[in-house]
Amino acid sequence: MGEFGIGQSVPREEDPYLVRGAGRYVDDVTVTGQLRGFVLRSPHAHARIRSINTEAARSMPGVHLVLTGRDAAITALGIQRPLVPRKRRDGTPAVPASQPALARDIVHLAGDPVAFVAAETLHQAKDAAEAIEVDYEPLPAVANVEEAIRPGAPSAHETYPNNQTYLYEVGDKAAVDRAFAAAAHVVQHRMVINRITTNAMEPRGCLAEYDQRDDRYTLRCTVQGPHIIRRTLAGEVLKVPETQVRVISENVGGGFGMKGALYNEYILCVVAAKLTGQPVKWISERSEGLLTDEQARDNVTDAELALDDNGKILGLRVKTFANIGAYYHSDRSAGPPTVNVGVLAGTYVIPAAHVEVTGVLTNTMLTGPYRGAGRPEAAYVIETMVDLAARKLGLDPAEMRRRNTIPAAAMPYKTALVYTYDCGDFGRNLEDCLVKADHAGFAARYRQSRQHGKLRGIGISNTVESSNAGLIEHAEIRFNPTGTVTILVGSHDHGQGHQTAWRQIIATKLGIDPSKVGFKWGDTDQVAIGTGTFGSRSAVSCGSALIAAAQKVVAKGTKIVAHLMETDERDIVFDGGKFTVAGTDKAIGILELARDSFVPAKIPKGMEPGLIESGTFDGGQRTFPNGCHISEVEIDEITGVVELVRYTAVDDVGHMINPMLVEGQLHGGIAQGVGQALFENIAYDTSGQLLSGSFMDYAMPRADDFCAFELGENEVPTKTNPLGVKGAGESGTVGALSSVMNAINDAMARIGAPYVQMPATPEKVWYAIEAARRAGTLQA
């Protein structure tokens, strides 16, 4: 299928029905008799609940149910907890500090669920919630990670008086100490990686039903991994077999990691549906989402780089304090700052490295994965340190990278931090991107900007990341007796273009016209097993599962054709959707064969009728997408406004199934990285009250904040999976955050201004420029 095969830029098949408004999102589904749920939330970031009076609320019109944390249906629930063993700094086990579905005695963040109301209309539910009387005793709160780790700081949670939950440590400390002792130069720097939130187009939501006859729950919700949600909801919370829970997640309007969690609202709706005997729907409002969606990033990192006289890196030392929010509730908050620390080694030869990560509790919303999930943060740290080292040694940042980049000939390469890169040409990425970005012409553009009263900076990031590995994924190819085929997959398509890409794989491997291929995902009753979509894993894991299933289809088809044509299996050749007897014109198409496979008389004796095969991939090894991103910014000297004026990237995502989809993924990732660098910021006051609770205060990037993106590719296929793919979903964010921040601080360094932390808002940049002006280093 030449124009619809692997490697072709095929437009996304999903787009037409989505832009016509024909998608099926949670709030598009209405069930007869459904109730509307509403959550009453704590106004305090930290307080003791003295009493809750729900009497008035229960008697209000339309109200069917009011739940509090002390009701038997809530206390009977299990509570999510971290599954990965971790240790505190003193070596004792890190114990859970989990969030109950509804707070019982103490609330630990503004927005903590305190009561749940199910009523016939949303307004009735809201009115009843307002009638609930809660008597709080406010307690001291801490909202900032730097404040939380200071001696004597208020305890965010009673389980951890010093607010420090776990210590994760990796690397060779003794080797690093020796490297620093021998270093000619040492660069030290503190980086504040700010907190952001997802703000997906579709807010979180769910619709829960309970079938009393079968004692079975159905949860339709906005999630990225229905099978994971089913497993957690059934096993950890409801404590019932997975067969008693069905999770459906059809179209989802943006996930980005945030929609991977089993949120309390989903649990509450499931409980309420059983108690009332009616379906219960809850849909988040935008302000509610800003308050209670999992947030992300929020690290304070102290890094040191040891170098010799020639600018070669000798050692890296990193200490990170990661704000995990008010609860140590699951592995989601601990994952981003720990699982991807290997990215700190970057694309560089670093002989020795040592990293410490401490999880810190604060009275703020929980943090979790967000596009990149620790990779952009780690890339930002190492790329910033390389730029600062270049500046200290008087080297061009590009030359600094050349001197330290891992050569392609060294692959496979074991880094000093966790990873072994199997392949990649990091040096070529750098050189290709420098040419594409016209790095040599920057000096002339800089002079031109200064003539117009603007500052200008250029930022390079030459990064590598890792995709998720070790988690199974499943695919099934199901031929029907009529000669059509349906593929069912455990990955979840919420904007990635799986419907298109998976059909391209089927077209290439089985030669089937895409119009004959149906596509099912997102329903645990339809798809046997699965994991979901996150961590740039789907092309590797689900693509490999599809390949395995397709190979089984061809193998069984070969046996049937040999039987039909009375020849040896070894004489059968499959190509382009046809089985042919070698050296003859005897052939049969795969769809015709599929029809024959359901006729017992036409298949070998003892063979099971039908052509239905599945593949389950074990998750394989990590893959390592990599690339070079170069940004240029202009800065208004008077206002501090930063404008992104040039953006160039050359990425290696392995073999591209669909280059158009890859480019779309890179565009989206770049936009989100730039958004954090320049605009986005979740802000709390010192008492733990959210200050950025609407789009009036949380700045989202808009189309006119971006320039055109000039993209190139450097395909180095991996041999760790049959498609040679590495993953593309997060590469843009990994490269953009560090590239843009380096460009801004390059502009600042040129005028002797202090370093600007993210987000580089006009106010921060203006203050830095004014500092340079006062110091007399700012030239006209």
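Of the GluC sites (Glu not before Pro) in region 145-181, the ones in a loop by DSSP (not H, G, I, E or B) with at most 12 other beta carbons within 10 Å are E158. The order of T405, T623 by accessible area, most exposed first and with a 1.4 Å probe, is T405, T623. Calculate the length of the line joining the C-alpha centroid of region 484-556 to that of region 397-451, in whole Å. Centre-to-centre (Cα) distance: 36 Å. For region 175-219, just say rounded, prolate or oblate: build the C-alpha gyration tensor, square-root its eigenvalues into a ≥ b ≥ c, call rounded for a/c under 1.5, and beyond that prolate if a/b exceeds b/c, oblate if not. Judged from the Cα gyration tensor, region 175-219 comes out oblate (a/c at least 1.5, b/c at or above a/b). Could you tell me whether region 618-713 comes out rounded, prolate or oblate from its Cα gyration tensor? Rule is a ≥ b ≥ c as square roots of the eigenvalues, rounded for a/c under 1.5, then prolate if a/b exceeds b/c, otherwise oblate. Taking the square roots of the gyration eigenvalues as a ≥ b ≥ c, region 618-713 is oblate. The distance linking region 31-59 with region 255-283 is 15 Å (Cα centroid to Cα centroid, whole angstrom). Using the Stokes-Einstein relation with a Kirkwood hydrodynamic radius computed over Cα pairs, the translational diffusion coefficient of region 378-514 at 10 °C and a viscosity of 1.306 mPa s comes to 80 µm²/s. Computed on protein heavy atoms with a 1.4 Å probe, the accessible areas place M748, M201, M607, M660 in the order M201, M660, M607, M748, largest first. Annotation note: trypsin sites (Lys or Arg not before Pro) in region 210-258 located in DSSP loop regions with a Cβ neighbour count of at most 11 within 10 Å are R213, K239. Ordering of 535-544, 159-168 by packing is 535-544, 159-168, highest average first (other Cβ atoms within 10 Å, averaged per residue). Once each part is reduced to its C-alpha centroid, what is the distance from region 68-134 to region 588-605 in angstrom? After rounding, the separation between the Cα centres reads 56 Å.
Annotation: the antiparallel percentage among DSSP beta bridges lying fully within region 220-367 is about 45.
When both bridge partners sit in the chain, DSSP labels roughly 80% of those beta bridges antiparallel.
According to the square roots a ≥ b ≥ c of the eigenvalues of the Cα gyration tensor, what is the shape class of region 1-160, taking rounded for a/c under 1.5, prolate for a/b larger than b/c otherwise, and oblate for the remainder? Walk me through the intermediate numbers first.
Values: a/c = 2.56, a/b = 1.23, b/c = 2.07.
Oblate shape, in that a/c is at least 1.5 and b/c is the bigger or equal ratio.
About its Cα centre, the dipole of the chain is roughly 900 debye, where the only charges are +1 on Lys and Arg Cβ and -1 on Asp and Glu Cβ. List the trypsin sites (Lys or Arg not before Pro) within region 711-780 that fall in a DSSP loop (any state other than H, G, I, E or B) and whose Cβ has at most 15 other Cβ atoms within 10 Å. Qualifying residues, ordered by number: K719. The protection proxy used here, the mean number of other Cβ atoms lying within 10 Å of each residue, ranks peptides 504-512, 707-715 as follows, highest first: 504-512, 707-715. What is the sum of charges around T367, taking Lys and Arg as +1, Asp and Glu as -1, for the other residues whose C-beta is under 11 Å from the C-beta of T367? Every neighbour counted, the sum reads 0. Select from G23, H123, V386 the residue farthest towards the positive end of the dipole of the chain; place +1 on Cβ of Lys and Arg, -1 on Cβ of Asp and Glu, and compute about the Cα centre. Selected residue: V386.
Output the direction-averaged projected area (hull surface divided by four) of the convex hull of the alpha-carbon atoms of the chain, in nm². Write out the running numbers ahead of the final one.
On the way: hull surface 147.2 nm².
Across all orientations, the chain yields a mean hull projection of 36.8 nm².
Which order do the peptides 563-572, 545-554 take when ranked by the mean count of other beta-carbon atoms within 10 Å per residue, highest first? Spell out each step's value before the answer.
On the way: 563-572: 14.0, 545-554: 21.4.
Listed from highest to lowest mean packing, they are 545-554, 563-572.
So in region 458-530, what percent of DSSP beta bridges are antiparallel if you round to the nearest 5?
Values: 5 of 9 bridges.
Around 55 percent antiparallel, to the nearest 5.
Provide the net charge surrounding G225, with neighbours chosen by a C-beta distance below 11 Å and charges set as Lys +1, Arg +1, Asp -1, Glu -1.
Working: positive: R230, R231, K259, R537; negative: E473.
Local net charge: +3.
The values are calculated or read from the model by the stated rules, or taken from the named source; none is laboratory data. On a predicted model such as this, the values are computed, not experimentally measured, just so you know. Counting neighbours? That spans all protein chains shown, and the Cβs are built from the backbone with ideal geometry, glycine included. Surface areas here come from the heavy atoms of the whole protein model, side chains and all, with no ligands, DNA or RNA. Shrake-Rupley method; radii C 1.70, N 1.55, O 1.52, S 1.80 Å.
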